[in-house]
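What follows is a single structure, written as structure tokens, with notes after it.
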């Protein structure tokens, strides 16, 4: 049963390397739902070509109070108007999860507000409903630095994983290929930009999982093929020229998108009753993948939705909305002793 009171939630997201605090309202008007969504990034990880968990946790600790104060100022909402406080309890890096949850629970104890421990994956899965009036069911392609999966969403808490990566997540594959090409971290946005100016057909890679049924994903083979092509070019010419880098980036993105869309087609055929498809997660900001999803949906006469790009990466707005969706369908708040779980599943 839907909660009769319209909720106002303070939400905290700290599962990886972005410290985010948002104020989310259960408003009928979509444009009034996000009152504030502050995200403080951590540039320190670029020098390590990846997230360093201990440094991420320390940065969350240093940034979280400032993020909360900025969100409160931006929203013009007093703490007395907040109905509950939500924080990501998993999955993610344990240090970051602890910082966010302990901070949230402390606020709950001081303000006598209930606590909700949100599932990071569920936050992504439900985030399109924060931006659009999407009816259930819908199919989600969730692609990020740590996760890649197809999920059928029949309602809040009613999820069926239809396929997922058996090795690297797509965002991880983008980052590793960028490192091979001598590019900076994070690599996904850079490869996306470079792919617009390279030849996507110059380098050819074997399509993964051709002899395997189902709708799972695999990116390690394509990543290894990129490494092999680079080694051949360096052995022959001594180094990669700029044209090589642009063509490799374009070819990698082209093959990855074709593979993801081939599996998406299988998912849609097996779930022909579903007329809505959604993309979410950090890699959902990739322009090539978004365009491919939109074109595919148009060709099948179904609806395609994608959150705004700032809501694709890790952010507290999706955590607050996940809390609202769950409470409105009759779920209970969590006990303040609820523990973080870095391996939490949907």
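Against the chain, whose longest principal axis is taken from its Cα atoms, helix 53-75 shows a tilt of about 50°. Each peptide in 332-338, 9-15, 264-270 was scored by the mean count of other Cβ atoms within 10 Å over its residues; highest first, the order is 9-15, 264-270, 332-338. Taking the inverse of the mean reciprocal distance over all distinct Cα pairs, the Kirkwood hydrodynamic radius of region 134-310 comes to 16.7 Å. Between the Cα long axis of helix 94-111 and the first principal axis of the chain there is an angle of about 20°, rounded to the nearest 10. Between residue 206 and residue 66, the modelled label-to-label distance comes to 4.9 nm, taking each label 7 Å out from Cα in the direction of the beta carbon. Note on the chain: helix-only mean residue ellipticity at 222 nm, from DSSP H runs of 4+ residues weighted -39500 (n - 2.57) and normalised by residue number, equals -13500 deg cm²/dmol.
Report the relative contact order of the chain, percent, no decimals, based on alpha-carbon pairs under 8 angstrom and at least 6 residues apart.
Computed over the chain, the figure is 25 percent.
Its convex hull of Cα atoms gives region 262-303 a direction-averaged projected area, equal to a quarter of the hull surface, of 2.9 nm². Most tightly packed first, judged by the mean number of other beta-carbon atoms within 10 Å of their residues, the peptides 76-85, 178-187 read 178-187, 76-85. Taking every alpha-carbon pair under 8 Å whose residues sit at least 6 apart, region 1-91 reaches a relative contact order of 38 percent. Indicate the gyration tensor shape class of region 78-160 (rounded, prolate or oblate), computed on the Cα atoms with a ≥ b ≥ c the square roots of the eigenvalues: a/c under 1.5 is rounded; otherwise a/b larger than b/c is prolate and the rest oblate. Verdict is oblate for region 78-160.
The relative contact order of region 120-241, computed from alpha carbon pairs under 8 Å that lie at least 6 residues apart in sequence, is 19 percent. Cα axis of helix 287-300 to longest principal axis of the chain: angle in degrees, 0 to 90, nearest 10? The angle comes out near 90 degrees.
No value in this document is a laboratory result; all are computed from the given coordinates. Just so you know, these numbers come straight off a predicted model, no measurement behind them. Cβ coordinates were reconstructed from backbone atoms using ideal geometry, including for glycine residues, and neighbour counts include every protein chain displayed.
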